[in-house]
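A.B. asks: Pasting a structure below so you can have a look.
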Amino acid sequence: MSKIVSWEIVFGQDDQNLISECHRIRKEVFHLEQKFPLDTEFDDVEHIAYHFLLRVTEQDPASGETTIKSVGTIRGTTPDVYPAINRYKLSRLAVDIDYRKHKFGRLLTEKLHKWIQEDAKATNRPAVVECHSQIPAMGFYAKFGYTPEGEQFDEDGEPHQNMVVNLPLAE
Ligand SMILES: CC(C)(COP(=O)(O)OP(=O)(O)OC[C@H]1O[C@@H](n2cnc3c(N)ncnc32)[C@H](O)[C@@H]1OP(=O)(O)O)[C@@H](O)C(=O)NCCC(=O)NCCS
């Protein structure tokens, strides 16, 4: 069993290699594992969203050899992307099934929040974030201060809940 020796999160808006790694993980988790349709998984904001990718470095204890693997992703958009809501949006959070419960979902969410706080400060906008949570994931978002807003609704055939947090501005 390989041991995780380090991790890093990289992000960008137009790095096609990075985006295709994020898309690979999302296809694996949302389409193949959770059975969401592919045509709605990849939507019309992919090119203006910011894509975050978490990579781990693992070491084989026998050989000492190290390998780097992409295991998690999250997506963020600025308020101008959805003028009707005029809020930052967190979406497409996914961690490879074999790497869950290692705090990688937490690390991705914290990194996205940091980026939002800095952008909000630089652009003089409130750091209000919303996400459409699957029902089993609501407890995860609640850990970061998100609270439910409105009624549950159907998205891509599954019930979801809009959840919102107002982050403090970056110092
Ligand atoms: C939801 C998901 C991203 C969580 O990732 P993870 O790496 O396993 O979560 P972490 O280990 O970082 O957990 C962080 C904290 O949230 C808690 N947590 C994780 N999943 C949770 C859940 N479904 N409900 C409540 N709490 C949860 C953990 O216990 C941990 O608590 P702590 O920091 O207080 O000890 C992961 O399960 C996943 O990819 N699921 C499939 C895709 C999905 O459903 N995405 C959400 C779409 S809305």
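The values are calculated or read from the model by the stated rules, or taken from the named source; none is laboratory data. Fair warning: this is a prediction, and the values are worked out from it, not measured in the lab. Heads up, the Cβs are rebuilt from the backbone with ideal geometry, glycines too, and the neighbour counts pull from every protein chain shown.
A.B. asks: Is there any pair with a first residue in the range 13-40 that is at negative phi and a second that is surrounded by 11 or more Cβ atoms within 10 Å (Cβ to Cβ) and of a type in the set (S, T, N, Q) whose Cβ atoms are under 6 Å apart and which are 6 or more apart or on different chains, and what are they?
C.D. replies: These pairs meet every condition: Glu21/Ser70; Cys22/Thr73; Ile25/Thr73.
A.B. asks: Additional query: Just name the residue that is surrounded by the fewest Cβ atoms within 10 Å (Cβ to Cβ) out of those in the range 1-44 that are aliphatic (A, V, I, L, M) and within 19 Å of Thr109 (Cα to Cα).
C.D. replies: Residue satisfying both the conditions and the ranking: Val10.
A.B. asks: Do any strands (runs of 3 or more DSSP E) entirely within the range 67-171 hold 1 or more residues that are over 30 Å from Ser2 (Cβ atoms) and touching a Ser or Thr at 6+ places or on another chain (Cβ under 7 Å), and if so, which?
C.D. replies: Those strands (runs of 3 or more DSSP E) span 88-95, 128-134, 158-166.
A.B. asks: Restricting attention to the range 1-56, which residues are over 17 Å from Ala94 (Cβ atoms), within 16 Å of the ligand (Cβ to nearest atom), acidic (Asp, Glu) and out of contact with any Leu (no Cβ under 8 Å at 6 or more places or on another chain)? Reasoning before the result, please.
C.D. replies: Going residue by residue through the range 1-56, those that are over 17 Å from Ala94 (Cβ atoms) are 1-6, 8, 12-17, 39, 44, 47-48.
From what's left, within 16 Å of the ligand (Cβ to nearest atom): 4, 8.
Those still in the list that are acidic (Asp, Glu) too: 8.
If the condition is that a residue be over 17 Å from Ala94 (Cβ atoms), within 16 Å of the ligand (Cβ to nearest atom), acidic (Asp, Glu) and out of contact with any Leu (no Cβ under 8 Å at 6 or more places or on another chain), then no residue fits.
A.B. asks: Moving on to the next point. Cβ-Cβ below 7 Å, separation at least six or inter-chain, first residue in the range 136-163 and charged (D, E, K, R), second modelled with pLDDT under 95 and away from the ligand (no atom under 11 Å from the Cβ): which pairs?
C.D. replies: Asp156/Pro37; Asp156/Thr40
A.B. asks: Which pairs do you get when a residue that is under 11 Å from Arg92 (Cα atoms), found in the range 124-135, comes within reach of a residue that is surrounded by fewer than 17 Cβ atoms within 10 Å (Cβ to Cβ), reach meaning Cβ atoms under 6 angstrom, with the pair 6+ apart or on two chains?
C.D. replies: Pairs that qualify, where the first residue is under 11 Å from Arg92 (Cα atoms) and the partner is surrounded by fewer than 17 Cβ atoms within 10 Å (Cβ to Cβ), are His132/Glu155.
A.B. asks: List every residue pair whose Cβ atoms sit under 9 Å apart, with the two residues 6 or more apart in sequence or on different chains, where the first one lies in the range 97-117 and is within 12 Å of Ile74 (Cα to Cα) and within 6 Å of the ligand (Cβ to nearest atom) and the second, anywhere, is modelled with pLDDT of 95 or more and of a type in the set (Val, Ile, Thr).
C.D. replies: From residues that are within 12 Å of Ile74 (Cα to Cα) and within 6 Å of the ligand (Cβ to nearest atom), the pairs are Phe104/Val56; Phe104/Val71; Phe104/Val95; Gly105/Ile74; Gly105/Val95.
A.B. asks: Any chance the range 149-161 includes a residue that's surrounded by fewer than 17 Cβ atoms within 10 Å (Cβ to Cβ), modelled with pLDDT of 95 or more, within 20 Å of Glu33 (Cβ to Cβ) and within 15 Å of the chain's Cα centre (by Cα)?
C.D. replies: No: the range 149-161 contains no residue that is surrounded by fewer than 17 Cβ atoms within 10 Å (Cβ to Cβ), modelled with pLDDT of 95 or more, within 20 Å of Glu33 (Cβ to Cβ) and within 15 Å of the chain's Cα centre (by Cα).
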